[in-house]
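Asker: Mind looking over this structure? Questions follow.
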Ligand SMILES: NC(=O)c1ccc[n+]([C@@H]2O[C@H](COP(=O)([O-])OP(=O)(O)OC[C@H]3O[C@@H](n4cnc5c(N)ncnc54)[C@H](O)[C@@H]3O)[C@@H](O)[C@H]2O)c1
């Protein structure tokens with residue numbers, strides 16, 4: 001597999017809306033788009049549970065339009081989608097663990113909220129390409145190795161179930177109304193601007209915080225479970241390509257690094273890079289064991305084939321880059 005050239009310059013002058021754009025992935029997309037000369041609008045509710053953070057826009061604050069608001073606000077979304085060329089749709093309740101304790105909120109944001117955005121597009125702008133950030137957790141217990149897009153979808157959490165329904169909404173609005181939608185099923189993204197406030201999702205961020213504070217990191221079980229960690233600049237590249245590739249419309253793609261790591265290898269990379277922190281193995285808590293998918297190796301050939309994308313940052317390098325970021329900026333990510 002070789003990365004194919006992509007003329008990211010196509011974003012120059014384009015109008016791009018990013019939902020959840022103050023969060024980890026959305027803000028990294030925003031930072032890249034500003035460099036490319038796009039007109040970026042962000043909508044984010046800054047719900048304290050999640051990773052939304054004004055500091056994520058620190059270097060581009062005066063170059064984007066940032067709206068403090070909720071994707072469930074129909075009137076707001078109607079105004080925001082008008083005139084957009086591309087919509088990167090990342091706003092979400094992000095914690096699969098929390099989804100069972102806040103089931104209605106999870107559905108409201110990850111189900112109904114997505115429908116509100118798509119309805120706003122149907123009524124006001126059918127031409128915008130909508131790229132939706134889904135999750136590997138739509139699949140449930142893994143029975144295929146490597147995992148392709150044809151893997152059965154039997155989610156183990158409400159988060160996975162609602163992400164799956166939102167995938168289907170995006171496909172239906174493509175099929176029925178011709179809105180060019182693309183679904184990216186993310187594996188385990190990590191990197192700069194990732195929340196490190198709590199351990200409900202995005203474990204590399206939380207572990208980096210613990211290591212930098214010289215604290216103990218708990219690994220559930222023996223830590224040999226296989227995961228696919230994908231560095232944020234590779235994820236950004238995937239979103240940008242998906243937003244400009246006609247051959248991707250109406251399709252669902254895996255978006256991971258295509259490399260496999262044991263969970264404990266990720267932890268070792270964090271502790272080794274930071275040079276502090278300790279590791280302890282603990283039994284799986286019941287609420288985590290219930291939703292554990294099993295080993296996950298990703299087949300990313302479909303996305304590569306459609307867009308020429310290839311992830312290029314190995315885990316050790318990504319963790320090093322992340323560490324450099326938090327050495328300089330950690331104070332902005334603690335609350
Ligand atoms: N981080 C991961 O491990 C991971 C894995 C797979 C998929 N995803 C998906 O990627 C997307 C981005 O996640 P992230 O890691 O950047 O998380 P994040 O918490 O950093 O960002 C999510 C953003 O969405 C905003 N938001 C939440 N509800 C909103 C609402 N109702 N209206 C407007 N904004 C709202 C939050 O304030 C936050 O800024 C999400 O859709 C998530 O489900 C993330």
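Computed from the coordinates by the stated procedures, all read-outs in this text should not be read as laboratory data. Please read these numbers as outputs of a predicted model, since none were measured by experiment. Virtual Cβ from ideal backbone geometry, glycine too; neighbours counted across all protein chains shown.
Asker: Would you calculate the separation in nanometres between label points at residue 329 and residue 148, each defined as 7 Å from the Cα along the Cα-to-beta-carbon direction?
Answerer: Distance between label points: 3.9 nm.
Asker: Then there is this: If you project the alpha carbons of the range 1-145 onto their three principal axes, what span does each projection cover, largest first, in Å?
Answerer: 44, 42, 33
Asker: Further question on the same structure: Helix 232-242 sits at what angle to the longest principal axis of the chain, using alpha carbons and giving 0 to 90 degrees rounded to 10?
Answerer: It is inclined by approximately 30 degrees.
Asker: Also: Take the Cβ-Cβ distance between residue 226 and residue 15 as r, set R0 to 51 Å, and report the resulting FRET efficiency rounded to the nearest 0.05. Please report the intermediate quantities before stating the final value.
Answerer: Working: r = 40 Å, r/R0 = 0.79.
After rounding to 0.05, the efficiency reads 0.80.
Asker: Mind checking the full-extension length gain between residue 47 and residue 316? Use 0.36 nm per residue of separation minus the Cα-Cα distance, one decimal, nm.
Answerer: Numbers: separation 269, 0.36 × 269 = 96.84 nm, distance 3.15 nm.
Result for the pair: 93.7 nm of gain on full extension.
Asker: Could I ask something else about it? In degrees between 0 and 90, to the nearest 10, how far off the longest principal axis of the chain does helix 315-329 point, with axes built from Cα atoms?
Answerer: Computed tilt is about 80 degrees.
Asker: Next question, about the same structure. What do you get for Rg/Rh over the chain if you use C-alpha atoms and the Kirkwood form of Rh?
Answerer: On the way: Rg = 18.6 Å, Rh = 19.9 Å.
Using Cα coordinates only, the ratio equals 0.94.
Asker: With angles folded into 0 to 90 degrees, how steeply does helix 113-124 sit against the dominant principal axis of the chain? Use alpha carbons for both and round to 10.
Answerer: For 113-124 against the chain, the angle is about 20 degrees.
Asker: Report the relative contact order of the chain, percent, no decimals, based on alpha-carbon pairs under 8 angstrom and at least 6 residues apart.
Answerer: Details: 722 pairs, mean separation 63.0, N = 335.
Computed over the chain, the figure is 19 percent.
Asker: With N set to the residue count of the range 101-160, report its C-alpha Rg divided by 2.2 N^0.38 Å to two decimal places.
Answerer: Working: Rg = 14.5 Å, N = 60, 2.2 N^0.38 = 10.4 Å.
Rg over 2.2 N^0.38 Å, computed on Cα atoms: 1.39.
Asker: Based on the alpha-carbon gyration tensor of the range 46-127 and its eigenvalue square roots a ≥ b ≥ c, which shape applies: rounded if a/c is under 1.5, prolate if not and a/b is larger than b/c, or oblate?
Answerer: Values: a/c = 2.43, a/b = 1.13, b/c = 2.15.
Here the range 46-127 falls in the oblate category.
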